[in-house]
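A.B. asks: Structure provided below as structure tokens; questions to follow.
The values are calculated or read from the model by the stated rules, or taken from the named source; none is laboratory data. Computed from a prediction, not measured in an experiment: that's the story for all the values here. Using ideal geometry, Cβ is built from the backbone for each residue, glycine included, and neighbour counts are taken over all protein chains shown. All accessible areas refer to the heavy atoms of the entire protein, side chains included, with ligands and DNA or RNA removed. Shrake-Rupley method; radii C 1.70, N 1.55, O 1.52, S 1.80 Å.
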Amino acid sequence: MKWWGWGDESTAFEHSDKPSLRPFIRRHLEVDIARATAAPVAFDELRVPDASVAAGLERALVAAVGAEHVSGDAMDRVVHARGKCLRELVRTRRGDLGRLPDVVVRPSSEEEVEAVLRAALAADAVVIPFGGGSNISGSLEAPDGDRRTVVSVDLGRLDRVLSIDPVARVAEVQAGAFGPALEEQLNAQGWTLGHFPDSFAYSTLGGWIATRSSGMQSDKYGDIAALTRGLRVATPAGMLVVRGVPSTSTGPSVREMVLGSEGRLGIVTSATVHVHRVPAQRVILGYLLPTWAASLAAMRDIAASEASPSVTRVSDAAETLFSFATKKDSSLADRLKSKALMTYLTRRRGYDLDAMCLAFIGYEGSERYVAGQRRRVGRIVASHGGLCIGSGPGELYDQKKFDTPYIRDFLLDRGVLADVSETAAPWSGLAAVYDDVTERARAAFVELGVPGYVMCHLSHSYHSGACLYFTFAITPSGTREPLDEYGVVKSAIQQAFVDSGATLSHHHAVGTEHAPWLEQDISKPGVAMLRALFDGFDPGRNLNPGKIVGVASAPAARDDDAVHLDGPSRRVVAETVNAVAVPEPAPEPAPEPKPAPRS
Ligand SMILES: Cc1cc2nc3c(=O)[nH]c(=O)nc-3n(C[C@H](O)[C@H](O)[C@H](O)COP(=O)(O)OP(=O)(O)OC[C@H]3O[C@@H](n4cnc5c(N)ncnc54)[C@H](O)[C@@H]3O)c2cc1C
């Protein structure tokens, strides 16, 4: 992974084969993309601060994992310091490195993870689990003011599928497995997890679990929270084991507490996850719909119908125009076909091409099943004025989806700040959320006096609603700190989410980026409950402090502002939970002599 951006050093977004993109960006963002104008600083020019690891801690870490897996290398420390949210990328590219981990440790087994955790806690160090470093919510960087040694625990060597139970259709997988390695091992035995986030190549099972990730095919397979049944987590209190049972009624769900906990409760070492047989057929078809309103209605009707596609994704008009602008130069025959289609849509179907929306709907299963699903969905789309445009666009999207993330670095190289914000809301409120968000984003562009673009797609449909995924970009004015201008737009969008009854994030987690809106989303007692959980389980605040709910100034300090409780329960909020020795069971009383049966 590049230390300053996304993905592999040898891969970059290329614009020269996409003739419509340059004029599109010039029109909307007033930038000429022909030339890069803002390269990241060279690695040699970075001022990497000295690491601080006490000799005793270093010895204990070396004893735990071996000297070759304890690294103080500058590149290692920089790569493990942060994820890939826009603020982090901009700061890193400038050479503003923030709080680096002092040491990166790479355990290869659960026992080694436990030993690392014990050593770090004994030295009162900060422990930050690291998967692929792909999060975009500020979930990795240690708090600036924390002067304790920071240990980054890279799970990358725990990358194996440990076992598959073909009868229960679950697999136990180590938490450091990256998407491709995980799928390769499962596919070799005819199985798939079916979890394909756009960051698939550079993210891990443990990271997905710790951020409650969603993949492109989550409509069929479920998001990672639905896929995860059992968990093994190294915690300050010992090894936490959640059995991989299909369902349970054992009080509030410990499994759910770990899901989305961003390393604050411990280090996930492995998980028991649902697996499915690799489908015989997998098709993604492209559709066009006349308007955004028709698109939302079609997706809602599909969700309410008996059809169960694996992917439901529809772009608004702004994103559809952007998609067309990123199309590669095509052959004359393709251009003529496309022109004929557009003529048909405008003349015969009454489409306004500037309002038209592009959708991708995917199907998986046996040939017969897929054919039946396509017919059902086709009828619903047609009832909303839409039509299928075949498998070509869908195949292209499927091949290219893992390359799209490189575009953000390409734009940063040209001074454009682009980012995403995603939410979920009920079907009944989805159109209003969309209107509110796009309106407030555009108002923010006007307030700042900068060119900006906002676009959206609906992805992931549920029984009661769907996820809306917004992408926005601005060309900063050059008269203010660019990140402040970016912050105005990002805040406007996040605030619009919570104001309109939607959630602050559907699958990108909270981290530090979204923490300011948490209370408005889950209420004050909700935040107090989370704070009590984290402080109670990790009273020294050693585990990835400051994420999800912020850190109060002193470890385990009481925060009576968070919630007001009366009586004895007042004490519960901030008191630490000490491991209590389980009392020996009292000796069984001698059985009462049975009365002699009456004759
Ligand atoms: C271009 C791009 C596209 C993306 N697309 C998607 C998408 O389609 N869907 C989606 O859901 N997300 C997406 N993301 C976000 C990101 O990939 C997810 O948040 C992902 O789940 C993070 O996994 P990771 O392994 O990289 O975790 P990291 O970034 O390394 O860590 C994330 C958090 O999890 C904690 N953590 C990591 N491993 C463990 C562990 N074993 N035990 C305990 N805590 C742990 C870390 O401490 C941190 O708090 C995208 C990001 C980018 C940059």
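A.B. asks: Taking the Cα centre of each part, how many Å lie between segment 301-341 and segment 101-125?
C.D. replies: Spelled out, the Cα-based centre of one part sits 48 Å from the other.
A.B. asks: Sticking with this structure for a sec: Rounded to the nearest 0.05, what FRET efficiency is calculated for E367 and A168 with R0 set to 25 Å and r the Cβ-Cβ distance?
C.D. replies: Working: r = 27 Å, r/R0 = 1.08.
The value I calculate is 0.40.
A.B. asks: Related question: Whole Å is fine, so just give me how far the alpha carbon centre of segment 365-396 lies from that of segment 437-510.
C.D. replies: 31 Å
A.B. asks: Over every pair of different alpha-carbon atoms in the chain, take the mean of 1/r and invert it; report that Kirkwood radius in Å. Write down the numbers at each step before the final one.
C.D. replies: Numbers: mean 1/r = 0.0386 Å⁻¹.
So the Kirkwood estimate lands at 25.9 Å.
A.B. asks: Still on this structure: At 0.36 nm per residue, and after removing the present C-alpha to C-alpha distance, how many nm does the segment from E111 to D8 gain when stretched out fully?
C.D. replies: Computed gain between E111 and D8 is 33.9 nm.
A.B. asks: Follow-up. What net charge do the residues around I25 carry, taking every other residue with its C-beta under 11 Å from that of I25, with Lys and Arg at +1 and Asp and Glu at -1?
C.D. replies: Taking every Cβ under 11 Å from that of I25, the sum is +3.
A.B. asks: Provide K547, K327 ordered by accessible surface of protein heavy atoms (probe 1.4 Å), highest first. Walk me through the numbers before you get to the answer.
C.D. replies: Details: K547 0, K327 90 Å².
Ranked from most to least accessible, the order is K327, K547.
A.B. asks: Using a Förster distance of 45 angstrom, determine the FRET efficiency expected from the C-beta separation of A304 and A38, and round it to 0.05. Don't jump to the answer; show the numbers that get you there.
C.D. replies: Values: r = 47 Å, r/R0 = 1.05.
Efficiency at R0 = 45 Å is approximately 0.45.
A.B. asks: Please check which bits of segment 255-295 a label hung off K337 would reach, taking the label as a point 7 Å along Cα-to-C-beta and the cut-off as backbone N under 16 Å.
C.D. replies: So the set is 284-288.
A.B. asks: Okay, moving on. Given the rule -39500 (n - 2.57) for each run of at least 4 DSSP H residues, summed and divided by the residues of the chain, what is its mean residue ellipticity at 222 nm, to the nearest 500 deg cm²/dmol?
C.D. replies: Working: 20 runs with 202 residues, N = 599.
Helices in the chain give a 222 nm mean residue ellipticity of -10000 deg cm²/dmol.
A.B. asks: Remind me, relative contact order of segment 203-323 in percent, using alpha carbon pairs under 8 angstrom and six or more residues apart?
C.D. replies: Details: 128 pairs, mean separation 35.6, N = 121.
Relative contact order of segment 203-323: 29 percent.
A.B. asks: Classify segment 324-436 as rounded, prolate or oblate, taking a ≥ b ≥ c as the square roots of the eigenvalues of its Cα gyration tensor: rounded when a/c is under 1.5, otherwise prolate if a/b is larger than b/c and oblate if not.
C.D. replies: On the way: a/c = 1.40, a/b = 1.18, b/c = 1.19.
Cα axes put segment 324-436 in the rounded bin.
A.B. asks: What helices in the chain pass both tests, a Cα length along the helix axis of 15 Å or more and a mean Kyte hydropathy of 0.5 or higher, using whole DSSP H runs?
C.D. replies: Working: long enough: 55-65 (16 Å, 1.35); 110-122 (18 Å, 0.36); 292-304 (18 Å, 0.87); 332-343 (16 Å, -0.03); 367-383 (24 Å, -0.69); 427-448 (32 Å, 0.22); 482-499 (25 Å, 0.10); 524-537 (20 Å, 0.61).
Membrane-span-like by this criterion, though nothing is claimed about a membrane: 55-65, 292-304, 524-537.
A.B. asks: Another question, then. List the lysines whose Cα lies under 17 Å from the Cα of K339, skipping any in the same chain that are fewer than 8 positions away.
C.D. replies: Qualifying lysines at Cα under 17 Å: K327, K328.
A.B. asks: Evaluate E = 1/(1 + (r/R0)^6) for A431 and L483, where r is the Cβ-Cβ distance and R0 equals 25 Å; express this FRET efficiency to the nearest 0.05. Write out the running numbers ahead of the final one.
C.D. replies: Working: r = 32 Å, r/R0 = 1.27.
Once the sixth-power term is evaluated, E becomes 0.20.
A.B. asks: Using label points projected 7 Å from each Cα along Cα→Cβ, tell me how many nm separate Q281 and A122, to one decimal.
C.D. replies: 6.1 nm
A.B. asks: Scaled to the compact-protein estimate 2.2 N^0.38 Å, what is the alpha-carbon radius of gyration of segment 1-88, rounded to two decimal places? Kindly include the intermediate steps, with their values, before the conclusion.
C.D. replies: Values: Rg = 19.8 Å, N = 88, 2.2 N^0.38 = 12.1 Å.
Cα-based Rg divided by the globular estimate yields 1.64.
A.B. asks: May I ask you to rank I548, I164 by accessible area, largest first, using a 1.4 Å probe over the protein chains only? Could you put the intermediate results ahead of the total?
C.D. replies: Details: I548 10, I164 40 Å².
I get I164, I548, largest accessible area first.
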